[in-house]
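The values are calculated or read from the model by the stated rules, or taken from the named source; none is laboratory data. Computed from a predicted structure; not experimentally measured. Neighbour counts are summed over all protein chains in view; Cβ atoms, including those assigned to glycine, are modelled from backbone coordinates with ideal geometry.
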């Protein structure tokens, strides 16, 4: 099993760095017994780097681009891919919140264009969001979903477009409140993180917000009847700004930089600890799935 992949970028240095990162991730997977039926060496042999975009996309069934989240940049890439690929090739965009309806306008066959949003770190997190544009065909959505399943991902298909999709909209709401709590002197960044990780975050890998409300309230109907007034008070006091105030930025930066883990460990060390714990959580979730 396995799939041959061609990766394209603008310089040899970028491609070399990409291969090095892939090799590092593969070694991590092998160390944790997650690289099934392959060695790192055989997996790397399936990856072909190239500086030639036509060579990368002209003979493939599925293309995904990961250029910066800018409509103008992505439109330029889509114009090129549209000319260089077979009409049956699916053109996917890895974006954290842009709308495919805007990007696919520049293509001759917009029905084959689709948004896919992986969650960092993508080599460990199984979820991927799939979002079609106004002109994306149902066939493209189905083929993309099936391909993601083949890759071992857990796809969810949005019923309609919305900026940020599902995951990043939930994260945006959480982050704004986390910033507010620090900026308004309610708690330190360290304690906000602890409140999440040692409180609600412990339940999040098991229950999503709807199942959690159902269990907490003795049924979702009962939860709404019994808790909607208390939530009304909380919602009234939540932040509503759409741009972080400068005063909040200064307080958050100071508080985050005071966190012990940031003062004592490098970014690479923190990422490694995150990935090791993610594997343990995923293994537990696969033994006892709710969804």
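Quick notes on this structure:
- Filter result for residue 230 (surrounded by 12 or more Cβ atoms within 10 Å (Cβ to Cβ) and either over 22 Å from the mean Cα position of the chain (by Cα) or not in a loop (DSSP other than H, G, I, E, B) (or both)): no
- Residue list for the range 184-214, restricted to those being modelled with pLDDT under 95 and part of a loop (DSSP other than H, G, I, E, B): 204, 205, 206, 207, 208
- Flag for residue 20 being loosely packed, with under 15 Cβ neighbours inside 10 Å and within 28 Å of residue 268 (Cα to Cα): yes
- Selection status of residue 275, assigned to a helix (DSSP H, G or I) and touching a helix residue (DSSP H, G or I) at 6+ places or on another chain (Cβ under 8 Å): yes
- Count of the range 192-211 residues which are surrounded by 15 or more Cβ atoms within 10 Å (Cβ to Cβ) and either more than 21 Å from residue 283 (Cα to Cα) or touching a strand residue (DSSP E or B) at 6+ places or on another chain (Cβ under 8 Å) (or both): 2
- Among the conditions (1) surrounded by fewer than 20 Cβ atoms within 10 Å (Cβ to Cβ); (2) touching a residue at least 24 places away in the same chain (Cβ under 8 Å), the only one that residue 136 does not satisfy is (1).
Let's see how each residue does on (1) loosely packed, with under 15 Cβ neighbours inside 10 Å; (2) touching a residue at least 60 places away in the same chain (Cβ under 8 Å); (3) assigned to a helix (DSSP H, G or I); (4) out of contact with any strand residue (DSSP E or B) (no Cβ under 8 Å at 6 or more places or on another chain):
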residue: 15; (1), (2), (3), (4): no, no, yes, no
residue: 38; (1), (2), (3), (4): no, no, no, yes
residue: 43; (1), (2), (3), (4): no, no, yes, yes
residue: 56; (1), (2), (3), (4): no, no, yes, no
residue: 82; (1), (2), (3), (4): no, no, yes, no
residue: 88; (1), (2), (3), (4): yes, no, no, yes
residue: 96; (1), (2), (3), (4): no, yes, no, no
residue: 111; (1), (2), (3), (4): no, no, yes, yes
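- Qualifying residue in the range 58-69 (condition: more than 21 Å from the chain's Cα centre (by Cα), part of a helix (DSSP H, G or I) and over 23 Å from residue 166 (Cβ atoms)): no
- Criterion (in contact with a helix residue (DSSP H, G or I) (Cβ under 9 Å, 6 or more places away or on another chain), modelled with pLDDT of 95 or more and surrounded by 16 or more Cβ atoms within 10 Å (Cβ to Cβ)) met by exactly one of 181, 174, 170: 181
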